[in-house]
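One structure below.
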Amino acid sequence: MTYETLRLTVEERVATVTLNRPKALNALNAAMLHDLEGAFATLAEDSAVRVVLLCGAGGKAFAAGADIAELAEVDAISGERLAGRAQRLFRRIELLAKPVIACIDGFALGGGCELAMACALRLASERARFGQPEIKLGLVPGYGGTQRLPRLVGRGAALKMLLTGAMIDASEALRIGLVDEVVAVEKLMERAAELAKSIAGMPPLAVAAAIEAVGRGADLPLDEALALEAAAFGRLCGTEDKREGTRAFMEKRSAQWVGR
Ligand code: CAA
């Protein structure tokens, strides 16, 4: 499958999706939203893919936000429609049964930071920079930023970014919990591949259940969230992989997962 604004490759159970509009710092335009919808629908169906890496082409940006030239033409009605469309796409990415790992080198701003926040994990290079500069355009984030940012970093740190529009560097992003690891630029994809390989070797139904329990449970009242967890635990207890995993432990050998 080829895309106008993305590159998609698959190698040994790990897919790499590269946002590919480097001349516009990989800004998310309508064509890229369309391509991301298609690519993630394909990846959801592809049982050979266990982990997805999401990166930006060009070495300067993961993504510098929604495309401002397009935003300039958006009015009240089309703006709400656009936000809803991107939010649905990002939620599908967040709940995809296989983890998406954002590999952030350079700018992750506005919609780019929001896309990274919808991923299961965020790895950043030392030169990554983050921000929600929408306020400087007379806007608020529309692709989930006002909601995912405080959930990740807390209310104060989120409002500081949302109200000032100021950028933070990778070490500050790590300190406040916006990213999970910071590595040297030249090690970013190596570390991402290592992490992807380790998760790709885990039983897929349990991986999917962990993503779903966290992704759906985090915002439920605790008792409802615990019921969701108990249901997932029960479902997994009925799988061949659970039988294999517990047996392999007792027989002191590595487990052979079948994904059932
Ligand atoms: N949309 C469209 N084009 C963009 C863009 C964006 N978000 N960000 C950068 N570009 C383009 C620039 O216009 C420029 O194009 P030309 O070469 O044709 O002039 C090219 O990418 C390179 O950018 P700069 O020359 O500006 O590069 P720089 O190194 O001087 O600055 C930057 C880099 C600080 C990231 C700066 O480009 C910038 O501030 N970009 C905008 C960031 C932003 O405001 N993002 C939020 C968008 S709104 C949003 O995302 C809403 C939402 O929640 C959905």
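Each Lys and Arg Cβ is given +1 and each Asp and Glu Cβ -1; about its Cα centre, region 6-200 then shows a dipole of about 340 debye.
In the chain, the calculated helix contribution to ellipticity at 222 nm averages -15000 deg cm²/dmol per residue, counting -39,500 (n - 2.57) for every DSSP H run with n ≥ 4.
Considering only alpha-carbon pairs that sit under 8 angstrom and 6 or more positions apart, the relative contact order computed for the chain is 15 percent. Extending 7 Å from the Cα toward the beta-carbon at both Glu224 and Ala30 defines two label points whose distance is 3.6 nm. A cut-off of 5 Å between modelled amide H atoms, ignoring neighbours fewer than 5 places along the same chain, links Ala66 with Leu28, Gly111, Gly112. Remark: the Lys160-Ala231 segment gains 21.7 nm on full extension, using 0.36 nm per residue and subtracting the alpha carbon distance.
Rounded to the nearest Hz, the phi-derived 3J(HN,Hα) couplings of region 171-180 under the Karplus curve 6.51 cos²θ - 1.76 cosθ + 1.60 (θ = phi - 60°) are 5, 5, 4, 5, 4, 8, x, 6, 10, 9, where x marks glycine and proline.
Between Asp75 and Ser198, what's the calculated FRET efficiency when r is the beta-carbon distance and R0 is 41 Å? Round to 0.05.
It comes out at approximately 0.30.
With each label modelled as a point 7 angstrom along the Cα→C-beta vector, the Ile135-Val185 pair spans 3.0 nm.
No disulfide-compatible partner, judged by a Cβ distance under 4.7 Å, exists for the following cysteines of the chain: Cys113, Cys119, Cys237. Apply the Debye scattering formula to the chain, with a single equal point scatterer on each alpha-carbon and no solvent, then give log10 I(q)/I(0) at q = 0.11 Å⁻¹. Debye intensities relative to I(0), on a log10 scale: -0.62. Ranked by the mean number of other Cβ atoms within 10 Å per residue, highest first, peptides 124-134, 157-167 order as 124-134, 157-167. Between Lys197, Lys60, Lys23, the GNM of the chain built on Cα springs shorter than 10 angstrom shows Lys23 fluctuating the most. Taken as entire DSSP H runs, the helices of the chain that both span 20 Å or more between Cα atoms along their own long axis and average 0.0 or more on the Kyte-Doolittle scale are 30-45, 222-237.
Among the DSSP beta bridges whose two residues both lie in the chain, what percent are antiparallel, rounded to the nearest 5? Roughly 25 percent of the DSSP beta bridges within the chain come out antiparallel.
No value in this document is a laboratory result; all are computed from the given coordinates. If you're wondering where the values come from, they're calculated on a predicted model, not measured in any experiment. Methodologically, a virtual Cβ is constructed for each residue, glycine included, from the backbone with ideal geometry; neighbour enumeration extends over all protein chains shown.
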